[in-house]
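Peer 1: Got a structure for you, questions after.
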Amino acid sequence: MTTRFATLDEWLAHAEQGHVARAGRTLDRVAAVRERLGLRFSVPVITVGGTNGKGSTCAMLESIARAAGYRTGLYIKPHLVDFTERCRIGGQPVAPEALLPHFEAVEAARADTPLNWFEFTTLAILRLLAAAPIDVAILEVGLGGRLDAVNVIDADCAVITSVDLDHMDYLGHDRESIGWEKAHIMRAGRPAIVADPQPPRSLVEFGERLGAELRLAGRDFGHDGDRQQWSWSGRGRRYAGLAYPALRGANQLLNAAGAIAALDALRERLPVPAQAIRLGLARVELAGRFQIVPGEPTLVLDVAHNVQSVATLALGLAAMRPHARTLAVFGAMRDKDIAGFVPKIAPLVAGWYCCDLPTPRAASAAELAAVVRAADTARDGPAVPVHEHRGPAEALAAALADAGRADRIVVFGSFYTVGGVLKSGLPRLPAPHVPDTGRAGATS
């Protein structure tokens, strides 16, 4: 008898139970269920992997394709507040009820095959997108690449953004090991865009041995510009006079260059005019990536959670107009290199509001506070105040109570941290927002 649930929350709870312990580190199970589902895409598919910049690159691809008149299907993860953020059609999250038949189909097709939560939910979303009336599918790859459930789909073009140290317990303890894992989203004879300007050698060598059509940043495409505008050049094609992407971030041009390179590689099947590139980059939106909330004090929301992305966040904060003080609302996963990335931003922070997060993976507020205090002792000057709170909303409320109009609050460290602040909607700040001219922030 086929299992049926009436709500998306019930299906998500079902996917969480009973399968994880038996699910090994292989894609064979996911591929078998995909075959039983008959899951195939009839439109061009772009997969996007990497350590940082995946979400931004997906959002740019979606925005540009929509500006060109195409109906897009997007799988992006993780979500900040609501699960349906993970699946967008035409730029809008799908309705929860639209996912129900696809969860039911996956449950029926898997039979006794164990699937973990990510595999189960990914197959349901992929089935929805494959059946939808779309012109292009854009799929973000999550952990690694080789063993990510999205990798059961043979993409027409793969994009690999920056590669850095993250998820080292699963992917390896150096960039070469991690690059090799991420390289597996490439396919023989198909375009593979490497947007990292200094990619691990293992990644490039894997693509060469595989016979992928490698397009490397700095060799096959690149960008240049000044503070006003920038240009992109590729294989016999150039786009000049481009405005900067609406997404703030020190590395957003790298992400934009990779997105344009992917669309350029698919231009015979998915032609995109220059004006669509301009409009798409100007209109792109993605919550939690150096997102500045209207009002005063200035509030910056950023999901940066590893050394590279937090260092980029710090550069972005430094590039903004001066603020009297910077206060940090901080929550993070215990398996992240917290001791490695806190010193990247600590010199800017005049007060810490560490918080618990609603997942067993998270470091406690007390653990985070200990790391922050250790980083503080390594610098000169008076001790910086460090507070502990039960959650992101409580931490932000305390920071707002302490902040002046000329101060700045940055919320960072995890999707859970930013999501916890956004759970009840955008925070309302007491004074009108003064637009900032700085262009900076995280790369995800």
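Peer 1: Being basic (Lys, Arg) and surrounded by 14 or more Cβ atoms within 10 Å (Cβ to Cβ) is the filter; apply it to region 5-53 and report the residue that is modelled with the lowest pLDDT.
Peer 2: The extreme case among them is 29.
Peer 1: From the list 329, 342, pick out the single residue that is surrounded by 23 or more Cβ atoms within 10 Å (Cβ to Cβ), more than 16 Å from the chain's Cα centre (by Cα), on the phi < 0 side of the Ramachandran plot and not in a helix (DSSP H, G or I).
Peer 2: After ruling out the rest, the residue left standing is 329.
Peer 1: I'd like the full set of residues that are closer than 22 Å to residue 198 by Cα and acidic (Asp, Glu), limited to region 296-355.
Peer 2: Result: 337, single match.
Residue-wise test of (1) of a type in the set (Lys, Arg); (2) in the same structural domain as residue 256 (by TED's automatic domain parsing).
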residue	(1), (2)
3	no, no
25	yes, yes
40	yes, yes
46	no, yes
62	no, yes
81	no, yes
93	no, yes
105	no, yes
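Peer 1: A follow-up question, please. Please go through region 235-273 and give me each residue that is more than 12 Å from residue 65 (Cα to Cα), without any contact (Cβ under 8 Å) to a residue 40 or more places away in the chain and either in contact with an Asp or Glu (Cβ under 8 Å, 6 or more places away or on another chain) or not hydrophobic (A, V, I, L, M, F, W, C) (or both), ordered by number.
Peer 2: Result: 235, 236, 237, 238, 239, 241, 246, 268.
Peer 1: Go through (1) over 30 Å from residue 420 (Cα atoms); (2) among the aromatic types (Phe, Trp, Tyr); (3) outside the structural domain of residue 47 (by TED's automatic domain parsing) one by one and return the number of the condition residue 230 breaks.
Peer 2: All conditions are met except number (3).
Peer 1: Pull up region 150-172, narrow it to residues that are at pLDDT below 95 and assigned to a helix (DSSP H, G or I), then point me to the one that is surrounded by the fewest Cβ atoms within 10 Å (Cβ to Cβ).
Peer 2: Result: 169.
Peer 1: Would you say residue 56 is assigned by TED's automatic domain parsing to the domain that holds residue 245, polar (S, T, N, Q), at pLDDT below 95 and in a helix (DSSP H, G or I)?
Peer 2: When the stated conditions are applied, residue 56 passes them.
Peer 1: Got at least one residue in region 270-288 being buried (at least 20 other Cβ atoms within 10 Å of the Cβ) and farther than 30 Å from residue 92 by Cβ?
Peer 2: No, every residue in region 270-288 fails to be buried (at least 20 other Cβ atoms within 10 Å of the Cβ) and farther than 30 Å from residue 92 by Cβ.
Peer 1: May I ask you to verify whether residue 307 is farther than 13 Å from residue 248 by Cβ and not acidic (Asp, Glu)?
Peer 2: Yes, satisfied.
Peer 1: Considering 249, 218, which residue is modelled with pLDDT under 95 and surrounded by fewer than 16 Cβ atoms within 10 Å (Cβ to Cβ)?
Peer 2: One residue alone meets the criteria, 218.
Peer 1: I need the full set of residues from region 85-122 which are part of a loop (DSSP other than H, G, I, E, B) and either within 25 Å of the chain's Cα centre (by Cα) or aliphatic (A, V, I, L, M) (or both), in order please.
Peer 2: Listed by number, the residues that qualify are 90, 91, 94, 95, 111, 115, 116.
Peer 1: Only strands (runs of 3 or more DSSP E) wholly contained in region 346-422 count here; list those with 3 or more residues that are surrounded by fewer than 18 Cβ atoms within 10 Å (Cβ to Cβ).
Peer 2: none
Peer 1: Looking at this structure, is residue 69 under 16 Å from residue 140 (Cα atoms) and small (Gly, Ala, Ser)?
Peer 2: When the stated conditions are applied, residue 69 does not pass them.
Each row is one residue, and each column tells you yes or no for (1) modelled with pLDDT of 95 or more; (2) closer than 24 Å to residue 417 by Cα; (3) assigned by TED's automatic domain parsing to the domain that holds residue 302.
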| site | (1), (2), (3) |
| --- | --- |
| 90 | yes, no, no |
| 113 | no, no, no |
| 127 | yes, no, no |
| 133 | yes, no, no |
| 140 | yes, yes, no |
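Peer 1: Something else now. Can you find a residue that is in contact with a strand residue (DSSP E or B) (Cβ under 7 Å, 6 or more places away or on another chain) and under 16 Å from residue 48 (Cβ atoms) anywhere in region 163-174?
Peer 2: Yes, there is a match, as at least one residue in region 163-174 is in contact with a strand residue (DSSP E or B) (Cβ under 7 Å, 6 or more places away or on another chain) and under 16 Å from residue 48 (Cβ atoms).
Peer 1: Here's another thing I want to ask about it. Filter the strands (runs of 3 or more DSSP E) completely within region 193-270 down to those with at least 1 residues that are in contact with a Leu (Cβ under 9 Å, 6 or more places away or on another chain).
Peer 2: 222-225, 230-233, 238-242
The values are calculated or read from the model by the stated rules, or taken from the named source; none is laboratory data. Remember, it's a predicted structure, so these values are computed and weren't measured experimentally. Every residue, glycine among them, receives a Cβ derived from its backbone with ideal geometry; neighbour counts consider all protein chains shown.
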